[in-house]
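Please find one structure pasted underneath; my questions will follow.
The values are calculated or read from the model by the stated rules, or taken from the named source; none is laboratory data. Small disclaimer: the values here were computed from a predicted structure and weren't measured. Virtual Cβ from ideal backbone geometry, glycine too; neighbours counted across all protein chains shown. Please note that ligands, DNA and RNA were not included when accessible areas were found on the heavy atoms of the full protein model with its side chains. Shrake-Rupley method; radii C 1.70, N 1.55, O 1.52, S 1.80 Å.
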Amino acid sequence: MRTRSAALREPGNAQAATDGRGRAQGPRGWESGVVRDVPEYPEYLAAAVFAAGGLVHAVLAPHRFSTAVLFCLAVTSAGLGVSARSAQTHHTVATVLAVLALLGALALGLLLLVDAVLLVRRYGPQTPLLATGAAGCAVLAVLGLDAVLYAVGGEVAGGLMVAVNAAAGYLSLLFLVFTGYVIVRGRSSPPPGTTHVVVLGAGLDGDQPGPLLRRRLERALAVDAHDVPDTDPVTFVVSGGQGDDEVVSEADAMADYLRARGVSSDRIVREDHSVNTRQNLRFSGALMEHAGPGHRATVVTSGFHVYRTTLLARRAGVPVDVIGAPTSPAYWLSATLREFAAVLWLDRLPLVGLSLLLAVPVATAAFER
């Protein structure tokens with residue numbers, strides 16, 4: 001790799017050395033007697049290190065989201081290098097890319113904000129919906145901050161703009177990758193030989209399953225309909241306790257729904273103590289183990305929830321396959337954003353530690369200005 005090294009001069013030679021770009025380094029090319037030796041393309045070096053880490057992590061722990069984090073760090077680092085050098089040598093290309101990035105951020109911010117407003121008007125001011133609106137406002141606030149920093153000008157404002165845009169771009173890229181995870185995992189098919197179908201609870205409408213939960217139950221019934229002939233029918237494990245605002249437990253509401261759809265009571269097992277996904281999996285797994293060995297379980301949840309459910313099942317040591325039910329398009333973006341935050345929270349300490357490494361290529365790109 002090429003390096004920028006100050007030229008060594010004989011004592012008494014006052015000719016100024018340059019760094020390869022015509023900028024003077026001083027009469028002797030060193031500071032305090034120490035020769036400077038800095039990589040020419042530090043952002044690309046950081047990108048290579050992150051990518052190598054991502055490849056190793058993909059082999060050792062392919063299901064962890066930290067693999068995606070490392071690759072997103074690599075792409076962001078490389079992007080910092082490309083943007084810094086394009087601004088110097090290909091000003092028109094850099095301007096076009098910047099405009100496209102700004103338009104994309106504006107579209108994302110407005111989409112999140114409009115989606116939140118429509119959902120709040122329909123379902124009321126629920127916390128996940130308000131968080132979606134807050135995310136949209138945050139994206140638009142970054143654009144506003146960019147405009148202020150651009151108007152202020154100067155080296156400090158330019159460095160801050162690099163840092164803010166790098167962080168925003170990194171998080172946006174990470175969310176885009178997570179969206180890909182959600183789409184791919186949400187299209188999983190049930191494996192053959194399923195003996196138990198575990199349906200994870202969701203909100204109720206009075207004493208009846210709400211729209212989200214009805215889709216999960218219909219997906220579970222579809223698994224039963226495609227069961228292999230001449231085999232025992234599947235057993236449904238309905239998992240969900242009673243929330244503070246619910247008149248019955250989610251397990252009871254699901255059991256009633258399945259019976260109304262023709263499923264006999266002896267094929268329904270209720271788990272009505274869980275209050276979150278982790279407990280859904282643990283308590284349902286214990287019920288299936290108690291029923292006897294040799295079972296093969298398929299968990300049914302919403303498509304946006306499949307990836308996190310798979311992660312939690314692995315951590316809980318519950319051997320299950322997870323498939324997804326369709327979600328209303330109007331609710332999908334908000335739900336996916338919430339899952340993104342929940343997955344980041346699962347591995348918050350290592351993910352935050354890895355993400356802080358982005359400061360290295362950001363600092364070098366800022367100094368390049």
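How many residues are of a type in the set (A, V, I, L, M), under 18 Å from residue 187 (Cα atoms) and either without any contact (Cβ under 8 Å) to a residue 40 or more places away in the chain or in contact with a Gly (Cβ under 8 Å, 6 or more places away or on another chain) (or both) if we restrict to region 319-369?
Residues that pass the stated criteria total 2.
Yes or no: region 265-272 includes at least one residue that is farther than 26 Å from residue 307 by Cβ, surrounded by fewer than 22 Cβ atoms within 10 Å (Cβ to Cβ), touching a Pro at 6+ places or on another chain (Cβ under 9 Å) and in contact (Cβ under 8 Å) with a residue 24 or more places away in the chain.
yes
Need at least 1 residues that are of a type outside the set (Phe, Trp, Tyr) and within 30 Å of residue 70 (Cβ to Cβ) per element, so show me which helices (runs of 4 or more DSSP H) inside region 124-227 make the cut, counting only ones lying wholly within it.
127-152, 155-186
On to the next question. Does residue 342 satisfy the criteria of being farther than 28 Å from residue 82 by Cβ and surrounded by fewer than 16 Cβ atoms within 10 Å (Cβ to Cβ)?
Yes.
Of all residues in region 38-58, which are open to solvent by 30 Å² or more (accessible area, probe 1.4 Å), at pLDDT 50 or above and not in a helix (DSSP H, G or I)?
Listed by number, the residues that qualify are 39, 41.
Can you pull out every residue in region 208-246 that is more than 28 Å from the chain's Cα centre (by Cα), open to solvent by 80 Å² or more (accessible area, probe 1.4 Å) and either at pLDDT 90 or above or among the charged types (D, E, K, R) (or both)?
Residues satisfying the conditions are 208, 230, 232, 242, 244, 245.
Moving on to the next point. Find the residue count for region 123-133, including only residues that are free of Cβ contacts under 8 Å to residues at least 24 places away in the same chain and surrounded by 12 or more Cβ atoms within 10 Å (Cβ to Cβ).
Summing the residues that are free of Cβ contacts under 8 Å to residues at least 24 places away in the same chain and surrounded by 12 or more Cβ atoms within 10 Å (Cβ to Cβ) in region 123-133 gives 4.
Let me ask another. Being within 20 Å of the chain's Cα centre (by Cα), polar (S, T, N, Q) and closer than 18 Å to residue 277 by Cβ, is that true of even one residue in region 335-349?
Yes: region 335-349 contains one or more residues that are within 20 Å of the chain's Cα centre (by Cα), polar (S, T, N, Q) and closer than 18 Å to residue 277 by Cβ.
Which of the residues spanning region 273-294 are polar (S, T, N, Q) and more than 26 Å from residue 308 (Cα to Cα)?
Within region 273-294, none qualify.
For region 329-339, which residues satisfy the criterion of being basic (Lys, Arg) and open to solvent by less than 30 Å² (accessible area, probe 1.4 Å)?
none
Inspect all residues belonging to region 179-189 and state whether any of them is of a type in the set (Lys, Arg), modelled with pLDDT under 90, touching a Ser or Thr at 6+ places or on another chain (Cβ under 9 Å) and under 30 Å from residue 297 (Cα atoms).
Within region 179-189, one or more residues are of a type in the set (Lys, Arg), modelled with pLDDT under 90, touching a Ser or Thr at 6+ places or on another chain (Cβ under 9 Å) and under 30 Å from residue 297 (Cα atoms).
A further question on this structure: Can you tell me which residue in region 59-86 is farthest from residue 367 (Cα to Cα), limited to those that are buried (at least 21 other Cβ atoms within 10 Å of the Cβ) and in contact with a Pro (Cβ under 7 Å, 6 or more places away or on another chain)?
77
The conditions are (1) open to solvent by 60 Å² or more (accessible area, probe 1.4 Å); (2) touching a helix residue (DSSP H, G or I) at 6+ places or on another chain (Cβ under 6 Å), and residue 187 fails exactly one of them. Which is it?
Single failed check for residue 187: (2).
Against the condition open to solvent by less than 80 Å² (accessible area, probe 1.4 Å) and touching a residue at least 40 places away in the same chain (Cβ under 8 Å), how does residue 140 come out, does it pass?
Answer is no for this residue.
Can you find, within region 161-173, the residue that is surrounded by the most Cβ atoms within 10 Å (Cβ to Cβ) among those that are in contact with a Leu (Cβ under 8 Å, 6 or more places away or on another chain) and touching a residue at least 40 places away in the same chain (Cβ under 8 Å)?
In this case the residue turns out to be 162.
Suppose we keep only residues that are in contact (Cβ under 8 Å) with a residue 40 or more places away in the chain and out of contact with any helix residue (DSSP H, G or I) (no Cβ under 6 Å at 6 or more places or on another chain) within region 106-121. Which one would you say is farthest from residue 175 (Cα to Cα)?
Filtering region 106-121 for residues that are in contact (Cβ under 8 Å) with a residue 40 or more places away in the chain and out of contact with any helix residue (DSSP H, G or I) (no Cβ under 6 Å at 6 or more places or on another chain), the one farthest from residue 175 (Cα to Cα) comes out as 118.
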